[in-house]
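Asks: Got a structure for you, questions after.
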Amino acid sequence: MGSESVSRAFRLRCASQINSNWIYELPVGHGERWGSAMGRLSEALLGGSQFSGLLRWTSGYPYSIGNGFFFPTNWDLEGAAVLTGKVPESGTFRDSSGNPNIFKDMNAALASFRFAYPGESGNRNVVRGAGFFGINTGVSKTWRLAESQSLRFSWEAFNITNSVVGFDLSNGGGLPSLGTTGTFGEYNQTLTKPRVMEFALRYGF
């Protein structure tokens, strides 16, 4: 493999990630910036509320290309395919069957690899998959019932945008393999789940 391919394969192993979390207590109610003189009913409706959330963004995960049904090392460890040309363009694309695929051109990607020879272990993590982005958020409201008692209501939503933002190849440990040319590079599952919401009511004493 040429120096340019080696350099690009090394860069593919590097990943980027951004994580953020927050809790913001709305400054409304008695003793707060706004509404400090509001009545008991307004305080019950607007005071003591919080807004929270989690955000995560990552670049795509690196993947190896499987050697298919040829076992150059032993029967248990089939090894990876060998990169012989440029690293194929990867991301999230539609193949000729309309299915999401990691490769922009499946046939060109197949031509960039060969089966490993006996004793070879192949090239690991030379292809990068799709990235991931997700936002979870929640709103909560607390009522003070007495000096040592409170009632807290919360609403939380996971994948609040209900978006498919990321696909995964490794369903059940399977990876793109030279032995599955008809579906080479097709994604098996999503990295995100459909939006889920939950509600909770907690009494503290």
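Asks: Checking the condition modelled with pLDDT under 85, more than 30 Å from F51 (Cβ to Cβ) and either in contact with an Asp or Glu (Cβ under 9 Å, 6 or more places away or on another chain) or not in a strand (DSSP E or B) (or both), which residue from G91, G119 passes?
Replies: Just one listed residue meets the conditions, G119.
Asks: Read through the list (1) at pLDDT 70 or above; (2) assigned to a helix (DSSP H, G or I), then give the number of the only condition that R56 fails.
Replies: With (1) at pLDDT 70 or above; (2) assigned to a helix (DSSP H, G or I) applied to R56, the lone miss is (2).
Asks: In region 180-192, what count of residues is obtained for those that are touching a strand residue (DSSP E or B) at 6+ places or on another chain (Cβ under 7 Å), at negative phi and not aromatic (F, W, Y)?
Replies: Number satisfying all stated conditions: 6.
Asks: How many residues, within region 122-160, are buried (at least 19 other Cβ atoms within 10 Å of the Cβ), of a type in the set (A, V, I, L, M, F, W, C) and either modelled with pLDDT of 90 or more or not in a loop (DSSP other than H, G, I, E, B) (or both)?
Replies: Total satisfying the criteria: 2.
Asks: May I pose another question? Can you name the number of the only condition in (1) modelled with pLDDT under 85; (2) part of a strand (DSSP E or B) that E4 fails?
Replies: (2)
Asks: Let me ask something else. Out of the residues in region 36-49 meeting the condition of being crowded, with 16+ Cβ neighbours inside 10 Å and closer than 16 Å to T142 by Cα, tell me which one is modelled with the highest pLDDT.
Replies: Only one residue fits best here, namely S49.
Asks: Turning to a different aspect of this structure: All but one of (1) hydroxyl-bearing (S, T, Y); (2) at pLDDT 85 or above; (3) out of contact with any Ser or Thr (no Cβ under 9 Å at 6 or more places or on another chain) hold for T84, so report the exception by its number.
Replies: (3)
Asks: Tell me which residues, restricted to region 92-109, are over 10 Å from T183 (Cα atoms) and not small (G, A, S).
Replies: T92, F93, R94, P100, I102, F103, K104, D105, N107
The values are calculated or read from the model by the stated rules, or taken from the named source; none is laboratory data. Model, not experiment: these values are computed from the prediction. Here the Cβ is made from the backbone with ideal geometry for all residues, glycine too, and neighbour counts use every protein chain on show.
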